[in-house]
Amino acid sequence: MKKIETNLKDCYILEPERFGDERGYFESVTKEQLEELGFKGIHQISNSKSGKGIVRGLHFQKDPYCQAKVVRCHRGGVLDVVVDVRKDSETYGEYTSVELTPENGRMLFVPRGFAHGFVALKEDTLFEYYVDNKYMPRLEGGILWNDPALKINWDEIFKKYDIKEPILSAKDKDRNTLEEMDTEFYRKPKRYLITGFKGQLGYDLARELKERGEEEVLPVDIDEMDITDREQVMNLVKSYKPDVIFHCAAWTAVDKAEDMEEICTKVNVEGPKNLTDASIEVGAKIVYMSTDYIFDGKKKGLYTEEDKPNPMSVYGKTKYLGEEEIRRNPNHFITRISWVFGINGNNFIKTMLKLAENHDSLNVVDDQVGSPTYTVDLAKLLVEMAQTDKYGTYHVNNDGYCSWAEFAKYIMESNGKTTKINPVSTEEYIKLTGTKQAYRPRNSKLDKTKLKEAGFEMLPSWQDATDRYCKELKKKIKY
């Protein structure tokens, strides 16, 4: 394949070698050839059909679903037009145009951070896109096709190809100019630091970033960086210089925390303090995972982000104090989550399925009500959230509410288990098991209105999340 440079940095015309005779020709492009350009792999193949004079563009998708594209024309012809909108690029704001036809066999590689469009030169034109990231309609963006600042001589183009009147969608006629564009792209890749990588959420955050094509990701656990060691934290963060820190590491042993308050405080308060100071030092955003335990659970109805915290356990108190440390960085996101489950760690679902193997019945509390949270769904939201400046505190978990007993019953029924779930009160459970427990809020219903109003996508129902998790679990572990 021949690679031809354009006037735009990182944007190339591709000419696959053709082998043919009087019957026709054969051509191919390999995965490795595309990856060398910066294409992350085919996520989707799309086609559009257009009549002569139809203009589509100039389009892009916002991070973390920004797309690179390889485009070509299978029938008819197009003049493809792309604009470099990466603010740190030496060709920022410049455009190139390339004629793509079945006859010339050319393809165009459009990197992430470019606005893309074309005008169809013939009737019944068939255009094909190979894209390397998921299509997300709500994250569509673009700039005005005839923005004077771009200096695209459309009149000359229309005259050359005998196009009397361009045809555009209402949306494309009314886009912002490059100067008005509120989405920022950069040629230099963002850097991400994840603490608590060996935990459920840290593991899925790393997976999600990889899925989105991010390559500058540093996942660490206590072996690589002890968050309670201030010098170690400052040295690593200042050395790596992340753009975003996802702080997932925490002391989560709720009951043990009652007898180990000093170490719990070090991890859940001093750790966030060290990371906040380091994030401020390098100008990084910080994303912190808090908990429903910061509330006492005595409220009637849903808890909002404005409700006054009143933690009743050592774990809850330290997580709230951790929130206060994180707030010192103006560029922070605090997400209060609950009843977390993910593939890379122990959780309620795994425990129930394991116990079901040798128990005909199980006693499960039914007076604690909240929302389970699947780390796969949570990770997608957190990665998207980190691309914005919608800073603040949010309640985030899967949709719907249930008691632990209802959750357990659903797990059994949806997995074909016959183990009976006996609903009991918290007091009854403690008496039956003889265990010492930290205080647990009875009402952990978190209001997620603020999340929705900020324009973020709500997480699917907890039942849907449980079903998807169990499918993933069956591939990993056989009970």
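The values are calculated or read from the model by the stated rules, or taken from the named source; none is laboratory data. Treat the numbers as computed from the prediction; the structure is a model and nothing was measured. Cβ coordinates were reconstructed from backbone atoms using ideal geometry, including for glycine residues, and neighbour counts include every protein chain displayed.
Odds and ends about this structure:
Conditions tested, residue by residue: (1) surrounded by fewer than 22 Cβ atoms within 10 Å (Cβ to Cβ); (2) more than 24 Å from residue 63 (Cα to Cα); (3) not assigned by TED's automatic domain parsing to the domain that holds residue 269.
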| site | (1), (2), (3) |
| --- | --- |
| 187 | yes, no, yes |
| 229 | yes, yes, no |
| 237 | no, no, no |
| 242 | no, no, no |
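- The condition of being among the acidic types (Asp, Glu) and crowded, with 22+ Cβ neighbours inside 10 Å holds for only one of 399, 377, that being 377.
- The residue list 304, 252, 265, 291 contains one member that is surrounded by 21 or more Cβ atoms within 10 Å (Cβ to Cβ) and in the same structural domain as residue 222 (by TED's automatic domain parsing), which is 291.
- Scanning region 52-78 for residues that are over 22 Å from residue 29 (Cβ atoms) and aliphatic (A, V, I, L, M) yields 54, 55, 58.
- Considering the conditions (1) closer than 29 Å to residue 466 by Cα; (2) among the β-branched types (Val, Ile, Thr); (3) touching a residue at least 60 places away in the same chain (Cβ under 8 Å), residue 294 is excluded by exactly one of them, (3).
- Residue satisfying all of: in region 198-211; crowded, with 24+ Cβ neighbours inside 10 Å and either within 12 Å of residue 245 (Cα to Cα) or free of Cβ contacts under 8 Å to residues at least 12 places away in the same chain (or both); farthest from the chain's Cα centre (by Cα) among these: 202
- Neighbours by Cβ (under 6 Å, 6+ apart or cross-chain): first from region 27-54, among the hydrophobic types (A, V, I, L, M, F, W, C); second assigned to a strand (DSSP E or B): 37/109; 42/130; 45/130; 54/120; 54/167
- Here is the figure for region 125-153: residues that are acidic (Asp, Glu), more than 20 Å from residue 107 (Cβ to Cβ) and part of a loop (DSSP other than H, G, I, E, B) total 1.
- Annotation: residue 231 fulfils all but one of (1) assigned to a helix (DSSP H, G or I); (2) touching a residue at least 12 places away in the same chain (Cβ under 8 Å); (3) farther than 24 Å from residue 376 by Cα; the unmet one is (2).
- Any chance residue 467 is farther than 20 Å from residue 354 by Cα and of a type outside the set (A, V, I, L, M, F, W, C): no
- Region 307-349, subset of a type in the set (Ser, Thr, Tyr) and in a loop (DSSP other than H, G, I, E, B), residue surrounded by the fewest Cβ atoms within 10 Å (Cβ to Cβ): 338
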